[in-house]
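To start, the structure itself, in structure tokens.
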Amino acid sequence: MKNILLCVTGSIAAYKAAELANRFVKDGYGVDVIMTDSAQEFITPLTFQSLTKRKVYTSMFAEYEPSQVEHISLAKKADLCLVAPATANIIGKIASGIADDMMTTVIMALDHAPVYICPAMNTKMYENPIVQKNIKTLESLGYHFIEPKESLLACGDLGKGALADLDTIVKEVTENI
Ligand SMILES: Cc1cc2nc3c(=O)[nH]c(=O)nc-3n(C[C@H](O)[C@H](O)[C@H](O)COP(=O)(O)O)c2cc1C
């Protein structure tokens with residue numbers, strides 16, 4: 001069974017990640033979920049645990065399995081890492097080499113898995129030159145981006161920044177895993 005590492009961050013689109021997890025599981029993939037603290041303000045780990053039938057990782061130091069160092073074993077096990085939705089913050093952290101929580105540490109420790117990042121944020125945030133520079137930096141290092149779409153955003157603005165369609169994300173992941 002191929003394993004998808006689904007990283008969920010603190011965007012209003014976090015609820016859509018539950019449907020992604022659901023679809024991957026139904027398509028026969030194993031899905032491990034890591035959530036940031038902010039993501040848990042939007043959706044609970046229990047939702048993902050119920051859909052994936054696996055424990056959900058939220059803490060760096062919980063060390064859920066005493067026989068292994070969890071962040072390394074999770075990184076080794078992943079065949080593909082999907083960050084969806086990806087906040088401006090997580091993109092900046094990955095681009096800057098920060099590893100101060102479970103998600104960023106596992107992403108830094110990835111072995112062979114390609115990383116697909118699905119930004120979701122307000123248009124002004126997405127167009128911010130720092131965010132754009134971080135995206136270019138990551139692309140130059142081999143990270144893949146699934147572009148956000150133009151839509152009426154949750155904040156009321158109309159513009160680019162909405163999470164890509166789930167069909168687009170599922171297609172990209174399943175074709176490249
Ligand atoms: C209601 C609400 C919606 C938010 N939506 C987004 C979003 O879509 N994209 C984003 O980059 N940040 C968004 N944020 C801000 C992030 O939650 C904040 O930057 C947080 O520090 C991100 O942490 P994380 O990257 O560790 O998950 C939102 C905040 C709130 C209160």
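Just so it is clear, none of the values below were taken in a lab; they were calculated from the coordinates. Please read these numbers as outputs of a predicted model, since none were measured by experiment. Cβ coordinates were reconstructed from backbone atoms using ideal geometry, including for glycine residues, and neighbour counts include every protein chain displayed.
The table below gives the values:
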read-out	value
Overall form of region 84-177 per C-alpha gyration tensor (a/c, 1.5; a/b vs b/c)	oblate
Extension gain from LYS76 to MET108, taking 0.36 nm per residue of separation minus the Cα-Cα distance	10.4 nm
Region 79-177: relative contact order in percent, alpha carbon pairs under 8 Å with at least 6 residues between	29 percent
Positive minus negative residues near LEU51 (Lys, Arg vs Asp, Glu; Cβ under 14 Å)	+3
14 Å beta-carbon shell around PRO148, net charge (K/R +1, D/E -1)	-2
Net charge of neighbours whose Cβ lies under 14 Å from the Cβ of LYS136, counting Lys and Arg as +1 and Asp and Glu as -1	-2
MRE, 222 nm, helices only [DSSP H, n ≥ 4, -39500 (n - 2.57), over the chain, to nearest 500]	-12000 deg cm²/dmol
Förster radius 22 Å - calculated FRET efficiency between GLU139 and ASP100 (Cβ-Cβ, nearest 0.05)	0.45
DSSP bridge orientation in region 3-176 - percent antiparallel, rounded to nearest 5	20 percent
Distance in nm between pseudo-label sites at SER59 and ASN176 (7 Å out along the Cβ direction from Cα)	3.3 nm
Gain on full stretching of the segment that runs from TYR15 to SER50 - 0.36 nm per residue minus C-alpha separation	11.2 nm
Those GluC sites (Glu not before Pro) in region 27-105 that DSSP places in a loop and that have at most 12 other beta carbons within 10 Å	GLU63
Computed over the chain, Cα set: Rg, Dmax in Å	15.1, 49
Shape category assigned to region 33-107 from the gyration tensor of Cα positions, a/c cut at 1.5	oblate
